[in-house]
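These notes concern the structure reproduced below.
The values are calculated or read from the model by the stated rules, or taken from the named source; none is laboratory data. Everything numeric here is computed off the predicted structure, so don't read it as measured data. Counting neighbours? That spans all protein chains shown, and the Cβs are built from the backbone with ideal geometry, glycine included.
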Amino acid sequence: MTSALLEARGVGKRFGGVQALKDVSITIHQGEVYGLIGPNGAGKTTFFNVLTGLYPRDGGEVLFAGAPLNLASPHEVAKAGIARTFQNIRLFGNMTALENVMVGRHVRTHAGVFGAMLRLRSERAEEEAIRRRSEELLHYVGVADRANDLARHLSYGDQRRLEIARALATEPRLLALDEPAAGMNATETAALRVLIDGLRTDGLTVLLIEHDVKLVMGLCDRVAVLEYGEKIAEDVPAVVRADPKVIEAYIGTSAH
Amino acid sequence: MDIFLQQIINGLTTGSVYAVVALGYTMVYGIIQLINFAHGEVVMIGAMVAFTVITSLAGGTLPAPVILLAGVLAAVPTCMVIGYTLERAAYRPLRHAPRLAPLITAIGMSIILQHLALLVWGRNPMAFPQIMENPVILVGGAVITGVQIGIILLSFTMMAALTWFVYRTRFGIAIRATAENVRVAELMGVNANRVIAATFVIGAGLGAVAGVMFGTYYGIVHYTMGFTLGLKAFSAAVLGGIGNIAGAMVGGILLGLVEALATGYIGDLTNLCRWPGLGTSSMLAERCVDGGNFVVFGSNYQDVFAFLMLILVLVFRPSGLLGERVSERA
């Protein structure tokens, strides 16, 4: 529980004149559910995008499993073992749910054009294994009955689950969820909570960015709070909740 | 009736060649939104390479089908290498440049390939050796040749194979995922560079076969043949909805059919002597006497129809018949 899986040290990010992230350092331990919260525009998603290689960072370093994370190309990040979902769902809408998950298996397998065309025996076996594993993952997140429907025809909650299944298909060591409960109703949120709890039980490390403070506080082992691109708190939920700076950030006292 | 059936068969033949070429345009466009104007030239080089191989083997003792196969087997890898080289050397460095830059590069590549072919094969049209026996079948007053049947069968087989590849294999799934969203596909571990290179290679391979079919059908090859053929296939891709694989197939066949039917009937329809009243009018009586003709538009207007259709599609249905919405890209 104490070994660090991901360590960000002094990460910064500027967009033109806007300092979106300033010297952010966090440590995510192996096997924990780590929450990242903060008011709108605090830089949560930016931090997320920097960690997953979508944005280049300006300064600082990121260690993943003890080694510096090369953020040069997104598919390398996936290969290193970080998978993510998106705040605004980004499934492959014109592909079936099953196919979406199968794409995720790409990172752990070797698909070649010629192998696929020649139908080598090893290729067929691997493809069959991918299909089976993908079906299992759909089952795991609870959308197995929609396997052959186009992703865009799934309900909102199911799309979120499908995105998690697709991320899990890459066999991540760290699963990063960007506002998974956004737009969900109470029932869907409760089901999501059960799902994330299950992920932790199965030994996965989860980074959770969420607006729903209640969900984060109830679910996470530790929580960090961002405000104006800076980390203002990091601790177990009970301590963070009582932190005056956090209360001020969320409720606001006098104007600055 | 016989002219109708005949033109349907002719149109199906040219249409299936257009469709195979159109696939090369549409696959590349679907993934990187680039109109690879050099694709027509790749098809031309396929025809040229096959021409050289078949001509040099034709005098020998090998049976005709083997010679033809050798021509195809030489053309396909050559074109695949060219397709790969185009992507790697010309387009990849411009992947993140403004869209106009790769487009103009594509036109430049087209000119370069055309003139390389001019250097190698010369400026004169060359007769594509007709080594296969070409049996003729009569069906309801229309003539079907063995070559036509061969072209139609081969084209449909290739289209079926490509559909299977794209929809049923996981590399195909990666291609479709990349087409929908490159960045997300990359986050899932798809190597987008490989997928993009593969679409160029597959498109060029299909184009090579199309070039050989085209040369065999018309019996003539020329270093500029890729231009018109490419433009028509591009029109077919737009007609079907560019970026859409099924659309390219439908668009190609439809374009071939419209072209053939229009070419078949335009002479009669614009023959003013057949127009009631006109033929006996003082103006035309002299020309029309004894079954004379006054044709305004003859079948030499064949090439117009492809582009007429392109214009109509762009005006009335810019996303094409099976078009996917082009907007909405993250």
For B:Val184, only one of the following conditions fails: (1) facing chain A (nearest Cβ under 9 Å); (2) at pLDDT 90 or above; (3) out of contact with any helix residue (DSSP H, G or I) (no Cβ under 7 Å at 6 or more places or on another chain). What is its number?
(2)
Do we find a residue being modelled with pLDDT of 95 or more, part of a helix (DSSP H, G or I), over 17 Å from the mean Cα position of the chain (by Cα) and over 28 Å from B:Ala174 (Cα atoms) anywhere in region B:22-45?
no
Of the residues that sit in region B:125-166 and are assigned to a helix (DSSP H, G or I) and of a type in the set (Phe, Trp, Tyr), which one is modelled with the highest pLDDT?
B:Phe156
Considering region B:126-149 alone, what residues qualify as being surrounded by 13 or more Cβ atoms within 10 Å (Cβ to Cβ) and touching a residue at least 24 places away in the same chain (Cβ under 8 Å)?
B:Met126, B:Phe128, B:Pro129, B:Gln130, B:Ile131, B:Met132, B:Ala142, B:Val143, B:Ile144, B:Val147, B:Gln148
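When you check B:Leu206 against the structure, is it more than 9 Å from chain A (Cβ to nearest Cβ), in a helix (DSSP H, G or I) and surrounded by fewer than 20 Cβ atoms within 10 Å (Cβ to Cβ), yes or no?
no
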Between a residue in region A:222-241 that is outside the structural domain of A:Ile26 (by TED's automatic domain parsing) and any residue that is part of a helix (DSSP H, G or I), which pairs come within a Cβ distance under 9 Å, given they are 6 or more apart or on different chains?
none
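Out of B:Phe214, B:Phe227, B:Phe200, which single residue is of a type in the set (Phe, Trp, Tyr), within 14 Å of chain A (Cβ to nearest Cβ) and in a helix (DSSP H, G or I)?
B:Phe200
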Would you pick out the residues in region B:166-181 that are touching a residue at least 60 places away in the same chain (Cβ under 8 Å) and facing another protein chain (nearest Cβ under 7 Å)?
B:Asn181
Scanning for something modelled with pLDDT of 80 or more and either in contact with a strand residue (DSSP E or B) (Cβ under 6 Å, 6 or more places away or on another chain) or exposed (fewer than 14 other Cβ atoms within 10 Å of the Cβ) (or both), does region B:281-291 turn up at least one residue?
no
Breaking point among (1) under 14 Å from the mean Cα position of the chain (by Cα); (2) within 19 Å of A:Val246 (Cβ to Cβ), for A:Leu21:
(1)
In this structure, is A:Tyr250 modelled with pLDDT under 85, over 20 Å from the mean Cα position of the chain (by Cα), more than 22 Å from A:Leu6 (Cβ to Cβ) and of a type in the set (Phe, Trp, Tyr)?
yes
